[in-house]
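This report concerns only the one structure given below.
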Amino acid sequence: MSEPRKLEVLRAIVEDYVHSREPVGSKALVERHHLGVSSATIRNDMAALEDEGLITAPHTSAGRIPTDKGYRLFVDQISAVKPLSAAERRAIQSLLEGADDLDDVLDRTVRLLSQLTNQVAVVQYPHLSKALVRHIEFVLLAPRKVLVVLIANSGKVEQRVIDVGQDLGDDALAALRTRFLAALAGTPLSQLAKALPAVVAGTAHGQRQAAHALALGLEGLAQNTREDRMVMAGTANLARSNVDFPLSIGPVLEALEEQVVMLRLLSEMAQDHRGVAVSIGRENPYDGLAEASVVATGYGPDSAAKVGILGPTRMDYPTTMAAVRAVARYLSRILGP
């Protein structure tokens, strides 16, 4: 059995099984795929694939299904991630660009990705502490009450109302905003506390009290970073795929609910040359995901946070990889500087 034909037969088995959910036999392969060889040859090829651990018989039927090893070889042979259709790209763009803030963007992202793939979609919140100051705004609400707004390049907006301890007019507050923004734009939020004293020291003596209060407000907002968490959508898709989880769907749902499991897995997944990471079945370090696959990629300014899907190992990997990568790219574009 030549290597090219082995890959062609394996590809045909994977595609038929993903489509039909039924074990694939040699007769079906000959009828549906133009492999250029006889049924007897295909049966021999399937026996060779089974000997290599790439396919297996789930029961006494003549059909075969891919193993985790077979899916891995199939995925590794996908030379390039195919682009989405123009209609799919327009749908992604129109939905995500209509969002108001980071929470809305991420909520729309998982709902969209779940609809595109018919799987469970997950997205990590970007780490605000790794982000940079994009904009600062001070809004005078009353003579001593100021709304302090801190916007990061991750798209996250933090705000709070503070008492600045002295009466301020609009012009004075605008001058303070200009000074703070000029000094702090582009500063990592993790370094903001170190940079603020110099800004306060450079303000006019008559505004020093207000400047100090504004600095404390900004420092508090910078420290108000989210704990590691994720948003997900589409868990109902798992229930419709319960035939793909013969042991139990419970451990998969538990892994999703125990967000630390999924967050750790996403963080450890390394993207390949195609810009995606794929973890199949028992490749997943968590036993509860032994019958599931995860496809993910990074997004945002440093691609540190991940967006991806979780579903049964019997999934349409090429389409799923394309959808995850496309959504991540639009997400990065929206959240980018």
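The values are calculated or read from the model by the stated rules, or taken from the named source; none is laboratory data. None of these values were measured; they are calculated from a predicted model. Don't worry about glycine lacking a Cβ; one is built from the backbone with ideal geometry, like all the others, and counts go over all protein chains shown. These area figures cover heavy atoms from the full protein model, side chains too; ligands, DNA and RNA do not enter into them. Shrake-Rupley method; radii C 1.70, N 1.55, O 1.52, S 1.80 Å.
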### Task
Hand me the list of helices (runs of 4 or more DSSP H) wholly inside the range 27-117 holding 1 or more residues that are open to solvent by 60 Å² or more (accessible area, probe 1.4 Å) and in contact (Cβ under 8 Å) with a residue 40 or more places away in the chain.
39-51, 86-96, 102-117
### Query
From the list 319, 297, which one is in a strand (DSSP E or B) and in contact with a helix residue (DSSP H, G or I) (Cβ under 9 Å, 6 or more places away or on another chain)?
297
### Message
Can you confirm whether residue 131 is surrounded by fewer than 22 Cβ atoms within 10 Å (Cβ to Cβ) and more than 16 Å from the chain's Cα centre (by Cα)?
### Response
no
### Message
Being open to solvent by 60 Å² or more (accessible area, probe 1.4 Å) and in a loop (DSSP other than H, G, I, E, B) is true for just one of 167, 171. Which residue is that?
### Response
167
### Task
Scan the range 284-296 for residues that are over 16 Å from residue 123 (Cβ atoms) and either of a type in the set (Gly, Ala, Ser) or open to solvent by 20 Å² or more (accessible area, probe 1.4 Å) (or both) and jot them down.
285, 286, 287, 288, 290, 291, 292, 293
### Pairs where the first residue, in the range 167-192, is modelled with pLDDT of 95 or more and the second is open to solvent by less than 20 Å² (accessible area, probe 1.4 Å) and basic (Lys, Arg), C-beta under 8 Å, 6+ apart
none
### Task
State which residue is farthest from residue 106 (Cα to Cα) when the search covers only the range 272-283 and only residues that are open to solvent by less than 60 Å² (accessible area, probe 1.4 Å) and modelled with pLDDT of 90 or more.
281
### Task
Would you mind finding the one in 282, 325, 329 that is farther than 27 Å from residue 13 by Cβ, among the charged types (D, E, K, R) and in a helix (DSSP H, G or I)?
329
### Task
Kindly establish whether residue 320 is open to solvent by 10 Å² or more (accessible area, probe 1.4 Å) and closer than 23 Å to residue 12 by Cβ.
no
### Query
Here are 333, 329: which of them is open to solvent by 10 Å² or more (accessible area, probe 1.4 Å), farther than 23 Å from residue 253 by Cβ, free of Cβ contacts under 8 Å to residues at least 60 places away in the same chain and more than 12 Å from the chain's Cα centre (by Cα)?
333
### Message
Out of everything in the range 253-271 that is open to solvent by less than 20 Å² (accessible area, probe 1.4 Å) and in contact with a helix residue (DSSP H, G or I) (Cβ under 7 Å, 6 or more places away or on another chain), what residue ends up being nearest to residue 298 (Cα to Cα)?
### Response
262
### Query
Name the pairs: first residue in the range 135-152 and without any contact (Cβ under 8 Å) to a residue 40 or more places away in the chain and closer than 29 Å to residue 188 by Cβ, second residue surrounded by 15 or more Cβ atoms within 10 Å (Cβ to Cβ) and among the aromatic types (Phe, Trp, Tyr), Cβ to Cβ under 8 Å, at least 6 apart or on different chains?
147/138; 149/138
### Summary
Note on the range 136-156: residues in contact with a helix residue (DSSP H, G or I) (Cβ under 7 Å, 6 or more places away or on another chain) and part of a strand (DSSP E or B) are 136, 137, 138, 140, 146, 148, 150, 152
### Query
Do we have residue 263 as more than 30 Å from residue 179 (Cβ to Cβ) and in contact with an Asp or Glu (Cβ under 7 Å, 6 or more places away or on another chain) here?
yes
